[in-house]
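Laboratory data are not the source of any read-out in this text; all were calculated from the coordinates shown. Here the structure is a predicted model, which is why all the values come from computation and not from measurement. Here Cβ is always computed from backbone atoms with ideal geometry, including for glycine, and neighbour counts include all displayed protein chains.
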Amino acid sequence: MTDILRRLREPPFGTETSERNLMAAAAAEISKLRALTAEARRAIGDHFAPDDCYATGPMTGDAYRDLVECPACSFIQQYEATAIHREKL
Ligand SMILES: [Zn+2]
């Protein structure tokens with residue numbers, strides 16, 4: 001599958017200017033999100049469950065998310081489940 005950024009930056013012939021502008025803005029946002037998630041993953045670094053796990057304490061009002069779910073494990077699981085880290089920034 002072709003990278004989504006390339007598809008947004010190289011729209012097919014006949015694409016209207018307003019659509020091209022919107023696609024370019026979307027590509028820029030996706031690029032920023034990729035950089036952000038790469039930095040978040042770098043900030044977490046090595047994380048070995050359960051020894052490195054932690055709870056945030058009351059933040060969301062959801063007892064599971066506040067007291068049980070490790071935010072680092074949750075982030076890493078979502079990060080690995082997406083293709084965002086496999087594509088170019
Ligand atoms: Zn953890």
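Loop-located GluC sites (Glu not before Pro) in region 9-50 (DSSP state other than H, G, I, E, B) with a sparse environment of at most 14 neighbouring Cβ atoms within 10 Å: Glu16.
Averaging the sequence gap over all C-alpha pairs within less than 8 Å and six or more residues apart, then dividing by the number of residues, gives the chain a relative contact order of 26 percent. Charging the Cβ of each Asp and Glu at -1 and of each Lys and Arg at +1, and nothing else, the dipole of the chain about its Cα centre rounds to 460 debye.
Compute the whole-percent fraction of alpha carbon pairs in the chain spaced more than 19 Å apart. Roughly 55 percent, rounded to a whole number. What is the angle, in °, between the Cα long axis of helix 71-81 and the longest principal axis of the Cα atoms in the chain? Nearest 10 is fine, range 0 to 90. The answer is roughly 40 degrees.
Give, in nm to one decimal, the length gained when the segment between Ala38 and Arg65 is fully stretched (0.36 nm per residue of separation minus the Cα-Cα distance). Write out the running numbers ahead of the final one.
Numbers: separation 27, 0.36 × 27 = 9.72 nm, distance 2.28 nm.
That pair, Ala38 and Arg65, stretches by 7.4 nm at full extension.
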